[in-house]
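Here the structure comes first, spelled out in structure tokens, and everything after it is commentary.
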Amino acid sequence: MSIEALLLHLEDDAEREAARLHHVAEERAAEIVARAEADAARTHALHRERVTLQRRVEGERQVAAARAQARAQFLQVRAGVLDRVFDGASVVLERMAVVRYAESVGSLAADAARYLERAPAVLQSPPDAAPATADAVRDLPNITSEPADVPAGVTGRSMDGRVVVDNTLAAILVRRRADLAIGLSARIEAP
């Protein structure tokens, strides 16, 4: 084989090897590009998931905050309603005529007297309730009864002034307010 033929043959081999290397390089470049695109797609998907999660968490936080604010406003309004109801009821109870609570006067007087039995004491009630108050404590020693300009119900005090009992209807309302408020709240919140 001549030198020219050998050179031609070497040149052909070199071209084939260059083509093969070029083809291998293109395949590797395509693999690298494909991996890079897959990585970019994965990264993009992860980022999108993170953003979606962050938005969902932020949305849930905002909803929870709005609910808490609405609940706080509702509780504030409910407290105002309850205050108005109890204030109005207290005014009505203070001026209530004995005919509306006549059956309770004896119990009110007896309850007040229990705290005052050991020392001389006086029970006071509005003039229209005084006879029922006196009748309820007539057998109790050391307890007297008198009409007075006091709210509806019965008040009492020891003669030395150390013990005072307020068993007026308004005072009973104040003592029972927490229990009554639970029932009223349930009614306010009922659909």
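The values are calculated or read from the model by the stated rules, or taken from the named source; none is laboratory data. Small disclaimer: the values here were computed from a predicted structure and weren't measured. We place every Cβ from the backbone using ideal geometry, glycine too, and count neighbours over all the protein chains shown.
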Exercise. Is it the case that the stretch 88-102 has a residue that's polar (S, T, N, Q), more than 30 Å from the chain's Cα centre (by Cα) and surrounded by 10 or more Cβ atoms within 10 Å (Cβ to Cβ)?
Worked result: no
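Output the residues belonging to the stretch 105-130 that are of a type in the set (D, E, K, R) and either in a loop (DSSP other than H, G, I, E, B) or within 10 Å of residue 142 (Cα to Cα) (or both).
Our first condition is that a residue be of a type in the set (D, E, K, R); within the stretch 105-130, this holds for 111, 114, 117-118, 128.
Passing the criteria: 117, 118, 128.
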For this session: For residue 97, state whether it is over 23 Å from residue 174 (Cα atoms) and either among the small types (Gly, Ala, Ser) or not assigned by TED's automatic domain parsing to the domain that holds residue 165 (or both).
Result: no
Exercise. Only one residue in 169, 108, 180, 123 is touching a strand residue (DSSP E or B) at 6+ places or on another chain (Cβ under 6 Å) and closer than 30 Å to residue 75 by Cα. Which one?
Worked result: 169
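Identify, please: which residue in the stretch 155-168 is within 21 Å of residue 100 (Cβ to Cβ) and not hydroxyl-bearing (Ser, Thr, Tyr) and is, among those, surrounded by the fewest Cβ atoms within 10 Å (Cβ to Cβ)? Break it down into steps so the answer makes sense when it comes.
Of all residues in the stretch 155-168, those within 21 Å of residue 100 (Cβ to Cβ) come to 155, 166-168.
Next, only the ones that are not hydroxyl-bearing (Ser, Thr, Tyr) stay: 166-167.
Working: 166: 17, 167: 23.
By that ranking, first place goes to 166.
When you check residue 140 against the structure, is it out of contact with any Ser or Thr (no Cβ under 9 Å at 6 or more places or on another chain) and surrounded by 13 or more Cβ atoms within 10 Å (Cβ to Cβ), yes or no? So that I can check it myself, show each step before the final result.
Values: out of contact with any Ser or Thr (no Cβ under 9 Å at 6 or more places or on another chain): yes; surrounded by 13 or more Cβ atoms within 10 Å (Cβ to Cβ): yes.
Yes.
Working carefully through the options 170, 186, find the one that is part of a helix (DSSP H, G or I) and at pLDDT 90 or above. First the steps, then the outcome.
Details: 186 fails: at pLDDT 90 or above.
So the residue among 170, 186 that is part of a helix (DSSP H, G or I) and at pLDDT 90 or above is 170.
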For this session: Scan the stretch 114-124 for residues that are under 41 Å from the mean Cα position of the chain (by Cα) and either farther than 17 Å from residue 175 by Cβ or crowded, with 21+ Cβ neighbours inside 10 Å (or both) and jot them down.
Result: none
Exercise. Picking from 148, 152, which residue would you name as being of a type in the set (Gly, Ala, Ser), crowded, with 17+ Cβ neighbours inside 10 Å, at negative phi and in contact (Cβ under 8 Å) with a residue 12 or more places away in the chain?
Worked result: 152
For this session: Filter the stretch 52-104 for residues that are in a loop (DSSP other than H, G, I, E, B) and touching a Leu at 6+ places or on another chain (Cβ under 8 Å) and give the result.
Result: 96, 101
Exercise. Does residue 65 satisfy the condition of being more than 30 Å from residue 189 (Cβ to Cβ) and surrounded by 10 or more Cβ atoms within 10 Å (Cβ to Cβ)?
Worked result: no
